[in-house]
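These notes concern the structure reproduced below.
The values are calculated or read from the model by the stated rules, or taken from the named source; none is laboratory data. No experiment lies behind these values; they were computed from the predicted model shown. So basically every Cβ, Gly included, is an ideal-geometry build from the backbone, and we count neighbours across all protein chains shown. Note: areas computed on protein heavy atoms with side chains; ligands, DNA, RNA excluded. Shrake-Rupley method; radii C 1.70, N 1.55, O 1.52, S 1.80 Å.
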Amino acid sequence: FITLGPVYETPSKKQYGAPLGTGIFDKIRSRISIPAFAIGGIKSDRASEVLNSGAYGIAVISAILASDDIKKSTEDFVRLLQ
């Protein structure tokens with residue numbers, strides 16, 4: 001698998017360039033044969049959009065670790081991914 005991003009703007013990924021947006025997954029789907037996971041600025045309210053764009057899955061850091069309620073944020077993501 002690969003991780004591809006940043007999908008959205010996020011402080012931890014600024015050094016890697018401008019956000020790619022969700023359209024990147026449509027563009028690469030026919031060019032790669034391995035799963036592509038989205039990373040970068042993905043919050044629970046954007047997870048469905050990212051997955052619907054063709055990402056195999058998502059990788060998150062601050063959406064959980066910077067949350068006021070880590071347990072609830074984790075549970076929200078688990079529900080979205082089921």
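Some points to look at:
- All positions within region 6-21 that are more than 11 Å from ILE42 (Cβ to Cβ) and of a type in the set (S, T, N, Q): SER12, GLN15
- Of everything listed in (1) among the aliphatic types (A, V, I, L, M); (2) touching a Ser or Thr at 6+ places or on another chain (Cβ under 9 Å); (3) assigned to a helix (DSSP H, G or I), the single unmet condition for LEU51 is (2).
- Within region 28-53, if we keep just the residues that are aliphatic (A, V, I, L, M) and farther than 27 Å from ILE70 by Cβ, the residue that is most open to solvent (accessible area, probe 1.4 Å) turns out to be ILE34.
- If you go through region 28-42 and keep only what is part of a loop (DSSP other than H, G, I, E, B) and among the aliphatic types (A, V, I, L, M), you end up with ILE32, ILE34, ILE42.
- Selection from region 1-27 of residues that are part of a helix (DSSP H, G or I) and surrounded by 14 or more Cβ atoms within 10 Å (Cβ to Cβ): LYS13, ILE24, PHE25
- Restricting attention to region 54-75, the residues that are open to solvent by 60 Å² or more (accessible area, probe 1.4 Å), part of a loop (DSSP other than H, G, I, E, B) and farther than 25 Å from ARG31 by Cβ add up to 4.
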